[in-house]
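Quick note: the coordinates plus some simple rules give every number you see, no bench work behind them. For clarity, every value in this text was computed on a predicted model and none was experimentally measured. So basically every Cβ, Gly included, is an ideal-geometry build from the backbone, and we count neighbours across all protein chains shown.
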Amino acid sequence: MEYKIHKNRPGLLGDIASLLGMLEVNIVTINGVENRTRGMLLQTNDEEKIEILGRMLQKVDNITVLKLREPKLVDILAVRHGRYIERDSDDRKTFRFTRDELGLLVDFLGEVFKRDGNQIIGLRGMPRVGKTESIIAGSVCSNKRWTFVSSTLLRQTVRSQLSEEEMNPNNIFIIDGIVSTVRSNEKHHALLQEIMAMPSTKVIEHPDMFIKESEYDYSAFDYIIELRNTPDEEISYDLFTSGFHEF
C-alpha cells in the first residue's frame with residue numbers, strides 16, 4: 001500500500017496501524033518513499049480484508065491511497081530503500097542506476113537472482129563503474145554461486161569448458177558480451193550456446209555488443225540494467241572495443 005498524506009496530524013499513523021490491527025493485517029515494512037508518500041508492505045491470509053481496507057481508507061480525508069495491490073519487485077525495493085528505481089518510459093524492462101545507488105542495484109539483482117528458471121539480464125555501463133562487482137554482490141545476497149564464462153575483471157578470461165559443479169543451473173553465469181563475441185574461439189562459442197540454453201540465470205555485460213556480434217536479439221533479455229557514474233553519462237562502446245579488434 002502506498003498513500004499520500006494531506007495533513008500529517010498527530011496520531012494519524014497510529015490510527016492506520018490500529019485499523020490494520022483490527023483487520024489482522026500485518027505491517028511487514030514501512031518507509032517514506034521519495035519524501036512525498038509513505039509505503040507499506042502488508043501481509044494477510046485473507047485478500048478480502050485488503051479490499052475492505054481500501055474501501056475504509058477512501059473515507060479518511062487526511063490521506064489518499066495511491067496503490068493497494070500485490071507488490072511487484074520495484075514496490076518491495078521502493079519501501080526498503082525509500083525510492084523507486086528509474087525505468088525507461090518507453091522500454092519498461094530497462095532499469096537505470098548510478099554509482100551512488102550500488103546498494104539499491106545489488107538488492108535488485110539479489111531479488112532477481114533468487115528466481116529459478118531461465119533469465120537473461122543485460123548490464124550496460126562504462127569500464128570500472130562497478131558492473132561485475134555488483135553482479136557478484138547480488139549473487140552473494142541471493143545465496144548463489146557465480147561462475148565466470150568470460151570476463152576482464154582480473155585478467156582476460158575466456159572459458160572453453162566448465163567443471164560439472166560450475167555447470168550447475170542454480171549458478172549465476174557471468175558473461176562479458178565483448179570478450180565472448182570478439183575474442184572467443186569455437187570451443188568457447190559452443191560452451192556459450194550450451195549455457196544460454198540452460199534453465200539458469202545469465203548476466204551479460206555489454207549486451208548491445210553481444211546482440212550485434214551474436215545470433216541473439218533484444219527480445220531474449222528479461223531485464224536491461226544501465227549503470228552510470230553520473231545520470232547524464234553516455235554509455236559508448238567506441239573507447240573500449242577498438243583495442244579488442246587489434247588482436
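How far, in nm, would the chain grow between Arg115 and Glu166 when pulled straight, counting 0.36 nm per residue and subtracting the alpha carbon separation?
Full extension from Arg115 to Glu166 adds 16.5 nm.
Would you tally the net charge around Asn229, using a Cβ to Cβ cut-off of less than 12 Å, leaving Asn229 out, and scoring K and R as +1, D and E as -1?
Summing Lys and Arg as +1 and Asp and Glu as -1 gives -2.
Taking each pair of different alpha-carbon atoms in region 1-95 once, compute 1/r for the pair, average those values, and report the inverse of that mean as the Kirkwood hydrodynamic radius in Å to one decimal.
14.2
Which three numbers, in whole Å and largest first, are the semi-axes of the equivalent ellipsoid of region 69-202 derived from its Cα gyration tensor as √(5λ)?
27, 17, 13
State, in angstrom, two size descriptors of region 64-121 derived from its alpha carbons: Rg to one decimal place and Dmax to the nearest whole number.
Taking only Cα atoms of region 64-121, I get Rg and Dmax of 12.5, 39 Å.
Viscosity 1.306 mPa s, temperature 10 °C: what is the translational diffusion coefficient of region 100-139 from Stokes-Einstein with a Kirkwood Rh over Cα pairs, rounded to a whole number of µm²/s?
148
Stokes-Einstein D for the chain at 37 °C, 0.692 mPa s, Kirkwood Rh over Cα pairs, in µm²/s?
Once the numbers are plugged in, D ends up at 162 µm²/s.
Counting only DSSP beta bridges with both residues in the chain, tell me the antiparallel percent, nearest 5.
That works out to approximately 45 percent antiparallel.
Sort 57-66, 137-146, 35-44, 104-113 for me by packing, meaning the mean count of neighbouring Cβ atoms within 10 Å per residue, highest on top.
Descending mean neighbour count gives 104-113, 137-146, 35-44, 57-66.
Given the Cα-Cα distance of Leu66 and Tyr84 and 0.36 nm per residue of separation, how much length would full extension add, in nm?
Length gained between Leu66 and Tyr84: 5.1 nm.
In deg cm²/dmol, rounded to 500, what helix-only [θ] at 222 nm does the chain give when every DSSP H run of at least 4 residues adds -39500 (n - 2.57) and the total is split over its residues?
So the helix-based figure for the chain works out to -9500 deg cm²/dmol.
Quick one: how many lysine pairs in the chain have C-alpha atoms under 23 angstrom apart, if they're 8 or more apart or on different chains?
For the chain, qualifying lysine pairs total 29.
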